Amino acid sequence: MQLTNRVKRSLLVAVLIIGASSEIRSQTVYSFRSVNVPGAAYTVANANNNGGQIVGTFRTTELCCSTGTGYLLSNGAFKNIVYPSATQTFANSINVHQALVGVYYDQSGVQHGFLLKGGTYSSIDYPGAAATFAVSINDNGVICGGYSDGARYHGFVLHGTTYSTKDYPGSAGSEAATINNAGEVVGTYSLTDPLLNSGVLGYSMNGTAFTSVEFPSAVQTWAEGVNNNGDIVGEYLDSKSAAHGFTLISGSYATIDFPHAAGTVANEINDGGQITGYYAGQDSTVDLQGFLATPVSPTPTNSGTALPASKAGGLR
């Protein structure tokens with residue numbers, strides 16, 4: 001992937017291919033509802049905070065023919081998020097203080113991160129980077145994301161005005177997708193591809209310790225979100241290249257798919273266990289719709305049991 005998974009899948013269509021579901025089914029029953037900007041051709045839900053607000057991106061026509069616009073969904077009302085003078089804007093994360101981060105394209109087509117706080121926009125650019133992507137902000141105001149040095153992708157954390165690179169050890173390319181209030185970071189890396197287009201795996205970073213996140217038997221895994229309980233969500237591709245969302249809670253992996261969807265991506269999870277993401281309909285790979293999944297019961301609805309990561313070849 002050329003950008004962080006969350007950012008790129010807001011910019012370009014994800015190819016969500018119909019395939020067999022994983023045998024590891026969620027032990028939690030979720031109530032799903034779609035999140036769609038009125039009049040939009042497609043909507044992606046990128047993140048949700050503990051106050052019930054959702055941010056994401058929408059387009060008014062097909063991907064080839066319209067620009068991306070960010071949105072904030074708060075108290076049932078949608079508000080556009082548009083960086084001043086930008087050609088495209090993508091809203092990626094919002095904390096409980098309503099500070100919001102995302103990505104915008106300038107008039108030259110260069111990508112920058114941004115912060116929207118107290119009604120004021122400010123640009124986020126990793127020093128010397130060719131492109132910067134702000135993907136997550138925690139309740140302490142710490143930001144994480146990715147940047148390009150022109151040859152490969154790196155993860156970063158921004159604390160105040162201090163940037164620090166956070167790359168999975170030995171990786172050819174890496175990025176940071178979410179940071180929680182304790183400073184735990186989740187993201188993706190590849191040992192072989194500096195642009196993260198292939199061989200992608202997830203990771204969790206606590207302090208200086210990295211742990212790989214790999215959904216059992218998956219071809220690729222992206223770790224996208226982590227809450228303050230340490231619960232992780234993301235996406236994986238199965239052996240038939242079908243896209244599924246997943247949760248990693250208390251050491252156990254489980255699949256979470258929007259009902260009857262061709263493919264599902266889980267982007268973020270708040271402390272109440274609510275998950276935001278998006279899905280593709282059965283008859284179209286470009287008909288993307290956002291969703292909010294709310295846990296309603298711990299009883300499994302499908303056969304199979306979530307396997308502990310230690311027994312499923314997952315966390316290493």
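Computed from the coordinates by the stated procedures, all read-outs in this text should not be read as laboratory data. Because the structure is a prediction, the values reported are computed rather than measured.
Rounded to whole Å, give me the distance from the Cα center of the stretch 25-53 to that of the stretch 104-145.
So the separation of the two Cα centres works out to 23 Å.
Which far-off residues, 5 or more places away or on another chain, put their amide H under 5 Å from the one on ILE256, with H placed in the peptide plane?
Amide H neighbours of ILE256, under 5 Å, 5+ apart: GLY245, PHE246, THR247.
Roughly how compact is the stretch 40-191, stated as its Cα Rg over 2.2 N^0.38 Å to two decimals?
Rounded to two decimals, the normalised Rg is 1.01.
For GLY281, which sequence-distant residues (separation of 5 or more, or a different chain) have an amide H within less than 5 Å of its own amide H, given hydrogens modelled in the peptide plane?
ALA262, ASP287
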